[in-house]
Ligand code: SF4
């Protein structure tokens, strides 16, 4: 489902022009424009979880802009397999500007000394360990790239490839918004990309270990996240992000 166009007075003056310049471009061309030498969008970071579907986006980035800032939020609760996969992919792709960011130990001690906030209030835990950390990490960037796809969940079914992150005042790009599982698998196979070690065990979406379970047949790819809670998203992707300029 395509998003409904709306207008927003806070959009940058060239939002419409850039939105339409990027419309219809193949993913590789899209990224080439985002990372064009004259930097039409300024500094653009790539945010990745090194999860089950991260390899495709990172391969595309490595082809177009291997020195782009790649931001990985280390919550302190990742699976060992994810950290090993991060190191493997970084080396495999030759990414030279990977920034692992996380909550500083003092803040953790003050805000969650027992490290059990994820059990009591997962929204607060994600806010502390993901959202605030990303807000800080993106301070030097004018825009960011996410690996979200529409097929992943109902909540993501209306994302667009070009958005304005109104909460952070930055461009936001979802270059793979219209890709599906077959597209990803084909690309990953064609380019002989290593798979996340947990993918074959049913982890179609890999987040923090206490909050991630394998997905059962027929479930949405993100159904294994926060299974014991109503929670569906970590908070990095806010509803206000989906703002599309009228033509
Ligand atoms: S996914 Fe779980 S452990 Fe990770 S930040 Fe969110 S609530 Fe905390």
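Read the figures in this text as sums done on the coordinates, not as results from a lab. The structure presented is a predicted model; accordingly, all values stated were derived computationally and were not measured. Every residue, glycine as well, gets a Cβ built from its backbone with ideal geometry; the counts of neighbours run over all protein chains shown.
Taken along the Cα-to-beta-carbon direction at a fixed 7 Å, the label points for residue 227 and residue 183 span 2.9 nm. Based on C-alpha pairs under 8 angstrom that are at least 6 apart in sequence, the chain has a relative contact order of 28 percent. Per-peptide packing, taken as the mean over residues of other Cβ atoms within 10 Å, places 48-54, 211-217, 166-172 in the sequence 48-54, 166-172, 211-217 from highest down. Taking other C-beta atoms within 10 angstrom as a stand-in for reagent exposure, 149, 39 fall in the order 39, 149, fewest first.
Axis angle, to the nearest 10 degrees, between helix 181-190 and the longest C-alpha principal axis of the chain: 90 degrees.
Subtracting the Cα-Cα distance of residue 190 and residue 91 from their residue separation scaled by 0.36 nm leaves 33.8 nm. If neighbour count is taken as other Cβ atoms inside 10 Å, put 56, 206, 101, 46 in order from fewest to most. Exposure proxy ranking, most exposed first: 101, 56, 206, 46. Nearest 0.05, what FRET efficiency do residue 157 and residue 114 give at R0 = 45 Å with Cβ-Cβ as r? Computed FRET efficiency for residue 157 and residue 114 comes out at 0.75. Each of 13, 47 was scored by other Cβ atoms within 10 Å of its Cβ. Arranged with the fewest first, they read 13, 47. Shape class of region 3-92 from the alpha-carbon gyration tensor: prolate, with a/c at 1.5 or above and a/b greater than b/c. From helices alone, the chain scores -8000 deg cm²/dmol at 222 nm; the rule is -39500 (n - 2.57) for each run of n ≥ 4 DSSP H residues, then divide by the residue total. Taking packing as the residue-averaged number of other Cβ atoms within 10 angstrom, the listed peptides 106-119, 84-97 run from highest to lowest as 84-97, 106-119.
From the square roots a ≥ b ≥ c of the eigenvalues of the alpha-carbon gyration tensor of the chain, which class results: rounded (a/c under 1.5), prolate (a/b over b/c), or oblate? It comes out rounded by the Cα gyration axes. Computed extension gain for residue 74 through residue 200, at 0.36 nm per residue and net of the alpha carbon distance, reaches 43.1 nm.
Once the Cα atoms of helix 54-64 and of the chain are each reduced to a long axis, what angle between those two axes, in degrees from 0 to 90 to the nearest 10, is obtained? So the inclination is approximately 40 degrees. The listed peptides 31-38, 66-73, ordered by packing as a protection proxy, come out as 66-73, 31-38 (highest mean of other Cβ atoms within 10 Å first).
Using a simple spin-label model with pseudo-atoms 7 Å out from Cα toward Cβ, residue 217 and residue 83 lie 3.6 nm apart. In this label model, residue 11 and residue 135 are separated by 2.6 nm, measuring between points 7 Å along each Cα→Cβ vector. Fully extending the segment from residue 20 to residue 101, taken as 0.36 nm per residue of separation minus the present Cα-Cα distance, adds 25.8 nm.
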